[in-house]
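Below is one structure, written out as structure tokens, with a few remarks after it.
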Amino acid sequence: MKKVYHIISNTHWDREWRFPFQRNRQMLVEMMDKVLHILESEPNYKAFHLDSQSVIIIDYLEIKPNKKELIKKFVKEKRLFIGPWFILPDEFQVGGENLIRNLSLGHKICEEFGGVSKVGYTPFSWGQVSQLPQIYREFGIDVIMFYRGINSLDSPKAEFIWEGADGTRALASRFSTMPRYNFYFYIYRPVVHNEFPNEIEFKWQTGGVLFHFADKEMFNEDYFIPQSIERYFKENIKPQVEKLIKDQVNDFTTPHIIWMEGHDSSGPSVKTLRIIQDIKSLMPELNVIHSTLGDYSRSLKESVNLENLSLVKGERRSSQFDLRSGNLYGYTTSARMYLKQKNFEAERWLQFYAEPFNSIAGILGMDINDKHIDLAWNYLIQNSAHDSIGGCSLDEVHEDMMWRYKQVIEISKGAFERACKFLTLQINTRLYRTPLYPPFSKGGMGIFLVALNPTTYKRNEIVEGFIDIPQEFDKGNFKLIDEDGNEIETQLKDGRDVEPVLESAEGGIDRLMYLKMKRYHSYINLENIPSFGYKTFAILPVERKNESKNKIAKKEDGHHVLENDYLKVLINKNGTLKVYDKTSSKLFDNLAYFYDEGEAGHAWVHIPVKPFITTLKDNPKIKLVENENLSASYLIIYKMKIP
């Protein structure tokens, strides 16, 4: 069958990477202006893809809102393709809900502008999660295109069947040689710049105007070419087309060949039309078309023989084998670990506290007709961009990320607090108006503790809590009593006088007051807290008693030991831990030591160098910090010399 060569013009646009967001957006605006100008002035320019994301449109319109209708026009005409994602995430370094909200927000934005690109074009993540076929299918996407995580050993041909964790199958493509930028480097750069793959040095004698700052504040900034150099090397077309075809020979199972014209931070060029025309005139035997990802995927589905394709299953983490796949850059998983920790914290507050309890309060009558939760998700998803959460960008980029995480956590804590205040008013504490729990005053004012379980399973857990008792009622300690009159096991750490601020019911528009309280730092043994529910306990001030209680820490054959019903932990002489898991009967030794090494790598690759330092041969100080019935802890103190 006669082959069809689909040239697909696109960009891979990292929202923040080599430059912080605001600086990078200025370059985005220039690129988008060029896109719209070409689409408006060149009716033969088929279409341009904005790299499977939609945040580009939002960022651009914040600067040039007058272009909104023009963007809508080209999206509806299928000449400008956006989505299905909001932003291009790394799939392994954020939570699953984050990925789904990313696609959901992307669809919402794209539909507002007139259309969603329903192709699973996924060239961004360092590997692919096992449930991506299922996730895409739920969004109506049945063709997936990616190259990181699969190589020509997994699938000798470009097309294959990918089966996800739940058994969902999708037609997939790993592209071909130099996957997402083959036409760009094989043909476009040689023809427009006389530059060939792997040639990245710009020769001064090439000409053009080069711009650079020379003052002491900005001399380290990049060089720029403010105006394109007008050149065209037609003589490179035929040999480079032949080379690309030769390097892709036998890669495809259908007559449809994908040629991707785009690269990191690249934009469209009107010269693409000239190149296509010249290929046709110089090589009339080739059927070369300016195409789209949608056209290509439809052609693929119509012509492919599924029985001839390799079946690839599960998570895709195969490393690069040849030019038909991509490096996984696995070290990004641990680069700038503070980002991953803060992302986990932000996801936890938003996904498991703010949003569900905000919704429950709404069901019970609280007004939740606002955008607090949506705004928090937006900030959080922005940080899921692969070069952002990957920790492989400029320091300034990651400083911006920490600011966004701060917004997510502040919004989430505020929304959760609002919901809890409302839910508290719905709890009936009349069950405690009994002799078991006498009120403190004639008004019958009691103190109650509500244990809220945000998970979908019953909880038995020892939790840390801070119990406040009005100083006029304080007796030196307290008891917790459930609705059946049972006393809850507690452990008192310490108590101190505090004067917390009292906010008014009007939400800050009334004067502030304060309370005089005794605050008890405690551990509480909570049992059978229902899934996605709560239990209420009455707090009863009592006099302090010195009761003998079972201790968790002890000495055993000269070793410090911690033991409860589930674990036995022995502290070795070098400070490492020997842990016996009673539930599985497994023993783990030499846990929890420190290790340090030199670093000679770069933003994506870790290259360890001497010195290599550990505490395995150290003799640390081991100090018992606390030892009671519910909690015990040791402090292990090392001294390390780190060059």
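The values are calculated or read from the model by the stated rules, or taken from the named source; none is laboratory data. Owing to the predicted nature of the structure, the values given are computational and were not obtained by experimental measurement. All Cβ positions, even for glycine, are placed from backbone atoms using ideal geometry, and neighbour counts span all protein chains on display. Ligands, DNA and RNA are excluded from the accessible area calculation, which covers all protein heavy atoms including side chains. Shrake-Rupley method; radii C 1.70, N 1.55, O 1.52, S 1.80 Å.
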Quiz item: Hey, which aspartates and glutamates would be in cross-link range of Lys271, C-alpha to C-alpha under 13 Å, not counting anything within fewer than 8 residues on its own chain?
Solution: Glu42, Glu230, Glu261
Quiz item: Helix 372-382 versus the longest principal axis of the chain: what angle, 0 to 90°, nearest 10, using Cα atoms?
Solution: 50 degrees
Exercise. Rank by packing, highest mean first: peptides 270-278, 238-246, 286-294, with packing defined as the count of other Cβ atoms within 10 Å averaged across residues.
Key: 286-294, 270-278, 238-246
Quiz prompt | Members of Lys340/Lys610; Lys46/Lys68; Lys458/Lys621; Lys421/Lys493; Lys458/Lys554; Lys46/Lys313 lying beyond 29 Å, as alpha-carbon distances in this model show | solution = Lys458/Lys621; Lys458/Lys554; Lys46/Lys313
Self-check item: Residue-normalised accessible area of the chain, expressed per residue, 1.4 Å probe, Å²
Solution: 53 Å²
Exercise. Using a 1.4 angstrom probe on heavy atoms only, work out the carbon and sulfur share of the accessible area of the chain in %.
Key: 51 percent
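Only Lys, Arg, Asp and Glu count, each charged at its Cβ (+1, +1, -1, -1), so figure out the dipole size of the chain about its Cα centre, rounded to 20 debye.
Once rounded to the nearest 20, the dipole reads 560 debye.
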Self-check item: Around Val397: net Lys/Arg minus Asp/Glu count, Cβ-Cβ under 12 Å
Solution: -2
Quiz item: Considering only DSSP beta bridges whose two residues both sit in the chain, what percent are antiparallel, to the nearest 5?
Solution: 75 percent
Practice problem: Taking the Cβ of Gln351 as the centre, find all other residues whose Cβ is under 13 Å away and add up their charges (Lys, Arg: +1; Asp, Glu: -1). | Solution: -2
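Would you kindly calculate the mean projected area, averaged across all directions, of the convex hull enclosing the Cα atoms of segment 558-626, in square nanometres?
Average of the hull's projected areas for segment 558-626 equals 7.3 nm².
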Practice problem: Please compute the net charge surrounding Asn10, taking Lys and Arg as +1 and Asp and Glu as -1 over other residues with Cβ under 10 Å from its Cβ. | Solution: -1
Quiz item: Using the C-alpha atoms of the chain, what convex hull volume per residue, in cubic angstrom, is computed?
Solution: 233 Å³
Quiz item: Kirkwood hydrodynamic radius for segment 110-254: how many Å is it when counted over pairs of different Cα atoms?
Solution: 18.8 Å
Quiz item: For segment 40-133, how big is the tail of P(r) above 22 Å, as a whole percent of Cα pairs?
Solution: 30 percent
Practice problem: Would you mind checking the tilt of helix 271-282 against the longest principal axis of the Cα atoms of the chain, expressed as 0 to 90 degrees and rounded to 10? | Solution: 40 degrees
